[in-house]
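Undergrad: The structure under discussion is supplied below as structure tokens; questions concerning it will follow.
The values are calculated or read from the model by the stated rules, or taken from the named source; none is laboratory data. Predicted model, so just to flag it, every value in this text is computed and none were measured. Every residue, glycine as well, gets a Cβ built from its backbone with ideal geometry; the counts of neighbours run over all protein chains shown.
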Amino acid sequence: MSAESGLPLERRIGKKSAAVMEKHLGITTVEGLLGYFPRRYMTRAELTPIAGIPRDEEVTLLARVVSSTTRSMRARRGTITDIVISDDDGAQGLRLVGGQDYHGTVPGTLKISFFNAYKAKAELVPGQRALFSGKVTSFNGALGLTNPDFVLLDNDPFANGSKDPEKIAAMPIPVYPATAKLPTWKIQAVISTLVETADLEALPDPVPRLVARREGFLSIAEAYRLIHQPETGADWKRAQERFRYQEALVLQTSLARRRAAVAAEEATARKPDPAGLLAAFDADLPFTLTAGQVDVGETLAAELALNHPMNRLLQGEVGSGKTVVALRAMLQVVDAGGQAALLAPTEVLAAQHYDSIRRTLGPLAADGLLGGLGGSGSVQVTLLTGSMSGPARKQAMLDAAAGTAGIVIGTHALLSDNVSFYDLGLIVVDEQHRFGVEQRDVLRAKARKPPHLLVMTATPIPRTVAMTVFGDLETSTLDELPKGRAPITTHLVGLSENPAWAGRIWARAREEIDAGHQVYVVCPKIGTDDDGDFSPGESGPPPDEAGPDARELASVTAVVEHLLTEPALAGIALAPLHGRQDPDTKRAAMAGFTANETKLLVSTTVIEVGVDVHNATLMVILDADRFGISQLHQLRGRVGRGGLPGTCLLVTALEPDHPSRRRLEAVAATTDGFVLSQEDLKLRREGDILGASQSGGRSTLKLLRVIDHGDLIAQARGDAQRLVNMDPGLAHHPELAQAIDKYLNPEKEAFLERG
Ligand code: ADP
Ligand code: MG
């Protein structure tokens, strides 16, 4: 690491400022603070006009002081200084220019109150121009600011010493991620000092010279200067461009290195056995595999037969039949004497996989202790989850360790230290999102030799996300649905604008049942006193919307009670199903519905995956806004399976302009999983997308957005692959190697820098 980048801040900006940066931003080094990039840039023309300021928001205003009065407070000691500001054109040389013409609008005035603020009283005299920044509050009906931060324009810190009013007006103002105690311009002032005092030329540049030349990138010194002190919009854009590529390259090179390392490992080849379980399974398959399933199956079969590990991501539309593809791969491994583990993100999903895989295997699934590994004509399928009783779990663990269990299905309980396998040959991870690189590593460590790995996505993910989050995997896609799937029509039922529709839903359900079909009703909660069946996690609504909710949400118990008295459904057999029922009750509820004895099933998201009742044609999702896009898409994939067209009603009580309604509109607008996942990602924050793979203290990306910068990511991926091919140890690119270490291990790096 260059001495400059790890240099303690105080050596460049003084003890006092360094202490402030450490306290408020946790930054201690020169490179750390230079890497604290503006969140965005404003020009003076974009400052908030007073006439249009929004309540409860942070605003930055450029205005002139009209009057200032100071009075004593009545109830307490101290003074209040009331300042009235105006953004009419009282400017001398620093007029607002650009998009907004303030001559044409009514000038706004605003009252600002300062408590015991002697500096404000002394400096904010009539005629003075200043930038004010604070949260807009309303006071007796009038909007105002209380104790805002301000900076006088006589010493405009953003002007970079320039006196040319035209130039200043167009000059971008960097806006830093600020805190209440540390406003953006204080950060800006300190970083300005740093940019001037630091030896920018001595900073390490992770971008190889050849690439920098090809792309015409700024030097790293110039890029740091222009990202913090741009004189034009083009300046910061060019600077961002190079740092963004740099982020992509560091990330992609780390992934390319990982791919190369894994590919070089030795694994046990699991060759197909023409007389094994897989052959018997295929011979008895009740349907024909789709062309995609055949293709992917061949790829997997070939890779499993090689003596280095397969690392593959299988993505496909809901209902495209990924499970059977995975099962066939598992059988090949079992035939070759190995074990396969299937990892599901929740207990409910693990149990469903267990049931459906045993059902699919039929006589090929051995019961209890009779079976064993291939050769005996059947395979033992074992479930291992955290909630299993002590003896049952112990038995499952014994079966895994002894090799009696050929296929072990479980939750993250499989990751725990005391679970071991006799000969783990293949790991299948279902619903990828919650299993990041680190967790995959924990599982891989359970095999004597690196096992083969198949990761499956519940919903398709855009190519660039795959390249970033799963960039260490090769990708296969199932892009066709098995034949006989009928289209699903989805309607958004907004109860806030049409309360009468609440009754109409049940009449609609009755029509469906009278026509001989069946209905799912899905609720976000089990009872009136809980928060759902399992945490919505990655597939739930974005976390900022998943918080506590004042509304009484639909619960399975309350809805069942209501429907029993609903006239439209008089005499209809209905049953509840949720994760808190004991296993027998659950099984009986599901069996009754499968046998078409129960016409209407009221459940939680336990039916999200695995449930496959061809006669079900209507799905009613109550308080649908409580579910995430991919969850809704999964849920509605439960209807329209038997050649009968399906209908899905997304019921919500939210007002039409509530932001969560956008998710529902997106789901209603298309059944294309790729489009939906793109939409889902747009509505989420970047951190949530990268969350799983970035656990373990990885720094988050600053400028790179996987959704927006697909081409750049693809470019960096190609560059990274070439670099690693030519120079696997990165011996000729030490700066890039260091940047990767820093990215993967920010804490350790910070520690070393301090030490
Ligand atoms: P997903 O890809 O969403 O995990 P599943 O693996 O659960 O989908 O498959 C959905 C349903 O489709 C299951 O009932 C499965 O048995 C069935 N299925 C899978 N492949 C085919 C096929 N080729 N033809 C008909 N049905 C199929
Ligand atoms: Mg599935």
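Undergrad: Tell me yes or no: at least one residue of segment 42-54 is within 30 Å of Glu10 (Cα to Cα) and either assigned to a strand (DSSP E or B) or at pLDDT 70 or above (or both).
TA: Yes, the conditions are met somewhere in segment 42-54.
Undergrad: Something else about it: Going residue by residue through segment 710-724, is there one that turns out to be modelled with pLDDT of 90 or more, surrounded by 16 or more Cβ atoms within 10 Å (Cβ to Cβ) and acidic (Asp, Glu)?
TA: Looking through segment 710-724, at least one residue is modelled with pLDDT of 90 or more, surrounded by 16 or more Cβ atoms within 10 Å (Cβ to Cβ) and acidic (Asp, Glu).
Undergrad: Restricting attention to segment 471-486, which residues are touching a strand residue (DSSP E or B) at 6+ places or on another chain (Cβ under 8 Å), more than 16 Å from ligand 1 (Cβ to nearest atom) and part of a loop (DSSP other than H, G, I, E, B)?
TA: Of everything in segment 471-486, those that are touching a strand residue (DSSP E or B) at 6+ places or on another chain (Cβ under 8 Å), more than 16 Å from ligand 1 (Cβ to nearest atom) and part of a loop (DSSP other than H, G, I, E, B) turn out to be Asp472, Leu473.
Undergrad: Which one of these does Leu454 not meet: (1) closer than 20 Å to Ala624 by Cα; (2) part of a strand (DSSP E or B); (3) aliphatic (A, V, I, L, M)?
TA: The number of the failed condition is (1).
Undergrad: Just the residues that are within 16 Å of ligand 2 (Cβ to nearest atom) and of a type in the set (S, T, N, Q), please, taken from segment 293-340.
TA: Gln293, Gln315, Ser320, Thr323
For (1) buried (at least 20 other Cβ atoms within 10 Å of the Cβ); (2) over 30 Å from Ser387 (Cα atoms); (3) within 29 Å of the chain's Cα centre (by Cα), each residue gets a yes or a no:
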{"site": "Pro286", "(1), (2), (3)": "no, yes, no"}
{"site": "Ala305", "(1), (2), (3)": "no, yes, no"}
{"site": "His308", "(1), (2), (3)": "no, yes, no"}
{"site": "Lys322", "(1), (2), (3)": "yes, no, yes"}
{"site": "Ala350", "(1), (2), (3)": "yes, no, yes"}
{"site": "Ile357", "(1), (2), (3)": "yes, no, no"}
{"site": "Leu361", "(1), (2), (3)": "yes, no, no"}
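Undergrad: Name the pairs: first residue in segment 447-470 and modelled with pLDDT under 70, second residue among the β-branched types (Val, Ile, Thr) and within 13 Å of ligand 1 (Cβ to nearest atom), Cβ to Cβ under 8 Å, at least 6 apart or on different chains?
TA: Partner pairs satisfying both residue conditions: Ala458/Val318; Ala458/Val609; Thr459/Val318; Pro460/Thr477.
Undergrad: Name the pairs whose Cβ atoms lie under 8 Å apart, with the first residue in segment 270-291 and free of Cβ contacts under 8 Å to residues at least 60 places away in the same chain, the second outside any helix (DSSP H, G or I) and away from ligand 1 (no atom under 12 Å from the Cβ), and 6 or more positions between them or separate chains?
TA: These pairs meet every condition: Leu278/Pro272; Ala279/Asp273.
Undergrad: So, in segment 279-291, how many residues would count as being within 16 Å of ligand 1 (Cβ to nearest atom) and aliphatic (A, V, I, L, M)?
TA: Going through segment 279-291 one residue at a time, the tally reaches 4.
Undergrad: Does segment 650-659 include one or more residues that are outside any helix (DSSP H, G or I), under 15 Å from Thr489 (Cα atoms) and either free of Cβ contacts under 8 Å to residues at least 12 places away in the same chain or not β-branched (Val, Ile, Thr) (or both)?
TA: Scanning segment 650-659 turns up at least one residue that is outside any helix (DSSP H, G or I), under 15 Å from Thr489 (Cα atoms) and either free of Cβ contacts under 8 Å to residues at least 12 places away in the same chain or not β-branched (Val, Ile, Thr) (or both).
Undergrad: Tell me the residue from Val294, Val325 that is in contact with a helix residue (DSSP H, G or I) (Cβ under 6 Å, 6 or more places away or on another chain), aliphatic (A, V, I, L, M) and at negative phi, please.
TA: Criteria check complete, one pass: Val325.
Every residue, every condition in (1) among the β-branched types (Val, Ile, Thr); (2) part of a helix (DSSP H, G or I); (3) more than 22 Å from Asp479 (Cα to Cα); (4) within 16 Å of ligand 1 (Cβ to nearest atom), yes or no:
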position	(1), (2), (3), (4)
Ala256	no, yes, yes, no
Gln293	no, yes, no, yes
His308	no, no, yes, no
Val325	yes, yes, no, yes
Leu342	no, no, yes, yes
Pro345	no, no, yes, yes
Ala350	no, yes, yes, yes
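Undergrad: Can you pull out the residues in segment 607-626 that are more than 16 Å from ligand 2 (Cβ to nearest atom), in contact with a strand residue (DSSP E or B) (Cβ under 7 Å, 6 or more places away or on another chain) and assigned to a loop (DSSP other than H, G, I, E, B)?
TA: Asn615, Leu622, Asp623 - these are the residues of segment 607-626 that are more than 16 Å from ligand 2 (Cβ to nearest atom), in contact with a strand residue (DSSP E or B) (Cβ under 7 Å, 6 or more places away or on another chain) and assigned to a loop (DSSP other than H, G, I, E, B).
Undergrad: Just need a number here: residues in segment 375-394 that are farther than 10 Å from Gly410 by Cβ, touching a residue at least 24 places away in the same chain (Cβ under 8 Å) and touching a strand residue (DSSP E or B) at 6+ places or on another chain (Cβ under 9 Å).
TA: Result for segment 375-394: 5.
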